[in-house]
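The values are calculated or read from the model by the stated rules, or taken from the named source; none is laboratory data. Treat the numbers as computed from the prediction; the structure is a model and nothing was measured. So basically every Cβ, Gly included, is an ideal-geometry build from the backbone, and we count neighbours across all protein chains shown.
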Amino acid sequence: MTDRPQTPLLDRVSSPTDLKALSDTELKQLATELRQETVSAVSETGGHLGAGLGVVELTVALHAVFDTPRDRLIWDVSHQCYPHKILTGRRDRIRTLRQKDGLSGFCKMKESEYDAFGAGHSSTSISSALGYAVARDLGTAPEAGVGDAIAVIGDGALSAGMAYEALNHAGHLGTRMIVILNDNEMSIAPPVGAMSNYLNRLYTGAPFQEFKSIAKGAVNFLPAPFQEGAKRAKDLIKHVTVGGTLFEELGFSYVGPVDGHDLDQLLPILRTVKARATGPMLIHAITKKGKGYGPAENAPDCGHGVAKFDIATGEQKKTPANAPSYTKVFANALIAEARADRKVCAVTAAMPDGTGLNLFAERFPERCFDVGIAEQHGVTFSAGLAAGGQKPFCAIYSTFLQRGYDQIVHDVAIQRLPVRFAIDRAGLVGADGPTHAGAFDTAFLANLPGFVVMAAADEAELVHMVATAVAHDEGPIAFRFPRGEGVGVDLPEKGVPLEIGKGRIVQEGERVALLNFGARLKEVREAAQALEARGITPTIADARFAKPLDEEMILGLARDHAALITIEEGAVGGFGSHVAQLLAENGVFDAGLTYRSMVLPDIFIDQASPADMYAVAGLNAPEIEAKVVEVLGAADRMAKRA
């Protein structure tokens with residue numbers, strides 16, 4: 001058991017109400033204890049460490065000044081919410097973070113009344129806070145009422161168009177609401193774009209903005225650490241003026257920049273804003289991810305996502321990998337293709353490390369583009385690259401690609417532009433839970449005319465699918481692959497383009513055919529081994545393509561077997577639905593085929609290990625085995641009736 005920190009003040013806090021009885025000096029000590037407790041908890045569970053450590057003082061100040069939950073506090077993305085959870089009555093469960101039946105790693109409305117709005121994706125906080133504020137003003141808020149609406153958004157999340165849309169609307173309405181810009185100069189990856197440059201200029205060459213001389217402490221110097229590494233070396237206070245900023249032009253009253261780790265600044269500013277604000281306010285706080293814990297501060301990603309770790313050293317206790325990750329296999333395959341073809345380029349939306357494109361960028365920096373948290377722009381930018389003769393690979397997690405669907409339809413599919421979509425994190429992803437599950441991409445892509453949709457059954461297949469995408473110039477093409485390490489198959493020296501719309505027979509059998517699409521093939525094989533002990537030898541096929549389907553192979557399986565079962569890591573409406581349509585159109589059911597489709601259930605599955613999540617989904621080997629036995633029983637009964 002990890003030694004727990006001594007936290008005498010924090011031990012007295014069971015809800016934010018308890019903070020009201022503490023002096024400002026005691027609140028500083030509380031912040032120290034809260035930081036220690038956060039580090040201790042995450043060392044046991046793993047999770048998003050750096051983001052939470054960066055907002056410890058801000059969390060304390062917000063709950064001390066405002067009256068949550070009546071005042072609605074909304075954390076953008078919300079991977080920084082662990083200190084918030086500790087202060088809002090969930091400390092006794094904080095060591096269940098991201099585990100089965102435990103606390104979510106994000107804010108979740110059904111988990112606590114203090115989680116005013118659920119999150120997991122970025123850039124939604126200002127819109128939802130504005131909605132709360134307008135509901136308050138219209139008198140339609142819940143019975144308990146709504147006080148202030150406060151959105152805390154990072155500088156990385158501010159690169160998304162949705163955040164600007166919300167700022168623009170809020171400024172137009174003039175509704176009282178508060179936006180905290182948590183500017184840590186680093187989202188998951190260093191933020192990119194004009195907004196990042198603008199924020200840099202605010203504190204490299206511009207003065208602090210005076211809050212009409214009423215926010216005591218708002219014009220102090222920032223400490224030296226915040227001037228490092230960001231070209232922020234100029235004197236931050238050459239003079240004090242009330243200046244126009246971009247935010248003021250949008251209709252917000254602007255306060256800052258202020259030191260987000262200095263409660264002597266934060267508390268008086270927040271108290272003044274609470275007492276006197278009449279319209280939309282933006283408080284610009286400078287923070288540091290990983291603040292107060294050396295290993296996180298010094299990590300390249302500031303401890304964004306960590307496994308269990310040793311508190312003294314920060315060394316993470318990661319299980320040794322038996323095979324390379326799918327993400328790394330994709331990156332290396334793409335690099336190999338780019339060496340041979342100068343037209344190959346890559347686009348990601350603020351996830352270069354997560355998608356493996358950091359490796360591609362090291363080799364081909366001029367051909368790799370991080371567009372920031374802007375999936376819509378990333379898709380249409382890729383479409384423009386394709387129209388211009390390039391071979392763009394748009395590498396976006398399945399769950400994030402949902403945000404660019406209109407662009408996929410209108411800017412890519414209708415124009416039949418050969419954008420290559422590399423869809424990482426397909427299927428269930430474990431500790432991040434339903435917000436990050438890649439459940440829907442097969443369904444929403446395979447219904448688009450002219451789209452080719454593939455899924456890799458293993459890492460070798462992924463290499464071939466990268467090569468297939470490079471060679472395909474007739475329209476858009478997508479391939480999906482899961483999170484985590486591969487199954488350990490030998491990798492080909494070079495990818496070989498697959499024949500479009502052609503699957504493969506993996507094992508010949510009789511009576512029942514198992515038609516796999518995606519990375520459940522390993523579980524299908526395990527189920528088949530268990531079935532052999534029952535005297536059942538199923539045929540196993542790997543579809544490779546959800547669109548176009550291998551009609552010849554599928555109709556042959558239907559003709560030669562009494563039962564056919566499809567297995568996929570996606571929602572209803574995907575691969576299995578397309579197979580059912582094919583079978584129906586060809587009158588196969590009239591011939592007595594028993595057909596079943598194993599898909600993700602019609603629920604959002606809470607966080608757990610991937611194996612536990614797939615058990616809930618009914619897609620592990622034992623569930624596949626049981627389904628075969630059930631279906632063969634049904635087929636036998638049908639045969640007797642015939």
| Filter result (modelled with pLDDT of 95 or more, small (Gly, Ala, Ser) and loosely packed, with under 14 Cβ neighbours inside 10 Å) within the stretch 493-534 | none
| field | Meets criteria (of a type outside the set (Gly, Ala, Ser), more than 30 Å from Phe451 (Cα to Cα) and out of contact with any Lys or Arg (no Cβ under 6 Å at 6 or more places or on another chain)) for Pro622 | value | yes
| field | Residue selected from the stretch 92-125 under the condition buried (at least 17 other Cβ atoms within 10 Å of the Cβ) and aliphatic (A, V, I, L, M), by the criterion nearest to Gly404 (Cα to Cα) | value | Ala119
| Residues located in the stretch 541-567, provided they are part of a loop (DSSP other than H, G, I, E, B) and surrounded by fewer than 19 Cβ atoms within 10 Å (Cβ to Cβ) | Pro548
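Looking only at the stretch 463-476, decide whether some residue is among the charged types (D, E, K, R), in contact with a Phe, Trp or Tyr (Cβ under 9 Å, 6 or more places away or on another chain) and either touching a residue at least 24 places away in the same chain (Cβ under 8 Å) or more than 28 Å from Asn322 (Cβ to Cβ) (or both). Talk me through it step by step, then tell me what you get.
So the first thing to find is which residues in the stretch 463-476 are among the charged types (D, E, K, R), and the list is 473-474.
Cutting the leftovers down to in contact with a Phe, Trp or Tyr (Cβ under 9 Å, 6 or more places away or on another chain) gives us none.
No: the stretch 463-476 contains no residue that is among the charged types (D, E, K, R), in contact with a Phe, Trp or Tyr (Cβ under 9 Å, 6 or more places away or on another chain) and either touching a residue at least 24 places away in the same chain (Cβ under 8 Å) or more than 28 Å from Asn322 (Cβ to Cβ) (or both).
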| query | Within the stretch 588-633, how many residues are farther than 24 Å from Gly118 by Cβ, modelled with pLDDT under 95 and assigned to a loop (DSSP other than H, G, I, E, B)? | reply | 3
| query | Do we have Ala387 as within 29 Å of Met613 (Cα to Cα) and not assigned by TED's automatic domain parsing to the domain that holds Gly120 here? | reply | no
| task | State whether the residues of the stretch 568-584 include one that is acidic (Asp, Glu), closer than 19 Å to Ile505 by Cα and part of a strand (DSSP E or B). | result | yes
| said: So for the stretch 249-263 (the condition being free of Cβ contacts under 8 Å to residues at least 24 places away in the same chain, acidic (Asp, Glu), more than 23 Å from Cys81 (Cα to Cα) and touching a strand residue (DSSP E or B) at 6+ places or on another chain (Cβ under 6 Å)), does at least one residue qualify? | reply: no
| For the stretch 1-22, how many residues are hydroxyl-bearing (Ser, Thr, Tyr), over 32 Å from the mean Cα position of the chain (by Cα) and in a loop (DSSP other than H, G, I, E, B)? | 1
| message | Looking at the stretch 135-148, I want the residues that are under 17 Å from Gly174 (Cα atoms) and of a type in the set (D, E, K, R) and have a partner that is modelled with pLDDT of 70 or more and assigned to a helix (DSSP H, G or I) with Cβ atoms under 8 Å, at least 6 apart or on another chain. Which pairs are those? | response | Asp148/Ala133; Asp148/Lys274
| note | Only unsatisfied item for Gly89, checking (1) surrounded by fewer than 22 Cβ atoms within 10 Å (Cβ to Cβ); (2) in contact (Cβ under 8 Å) with a residue 60 or more places away in the chain; (3) in contact with a helix residue (DSSP H, G or I) (Cβ under 8 Å, 6 or more places away or on another chain); (4) more than 23 Å from Asp137 (Cβ to Cβ), is (3)
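Results for (1) buried (at least 22 other Cβ atoms within 10 Å of the Cβ); (2) charged (D, E, K, R); (3) modelled with pLDDT of 90 or more, shown as yes or no for each residue.
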residue	(1), (2), (3)
His261	yes, no, yes
Arg271	no, yes, yes
Arg276	no, yes, yes
Leu282	yes, no, yes
Gly292	no, no, yes
| Can you name the condition, by its number, that Ser78 falls short on among (1) crowded, with 24+ Cβ neighbours inside 10 Å; (2) touching a Ser or Thr at 6+ places or on another chain (Cβ under 9 Å); (3) at negative phi? | (3)
| query | Cβ-Cβ below 6 Å, separation at least six or inter-chain, first residue in the stretch 39-52 and crowded, with 24+ Cβ neighbours inside 10 Å, second of a type in the set (Gly, Ala, Ser): which pairs? | reply | Gly47/Gly105; His48/Gly305; Leu49/Ala296; Leu49/Gly303; Gly50/Gly290; Gly50/Ala296; Gly50/Gly303
| field | Which listed residue, of Ala519, Ala530, is out of contact with any His (no Cβ under 9 Å at 6 or more places or on another chain), among the aliphatic types (A, V, I, L, M), touching a residue at least 24 places away in the same chain (Cβ under 8 Å) and outside any loop (DSSP other than H, G, I, E, B) | value | Ala530
| request: Go through Arg98, Arg93 for me and flag whichever is part of a loop (DSSP other than H, G, I, E, B) and within 25 Å of the chain's Cα centre (by Cα). | output: Arg98
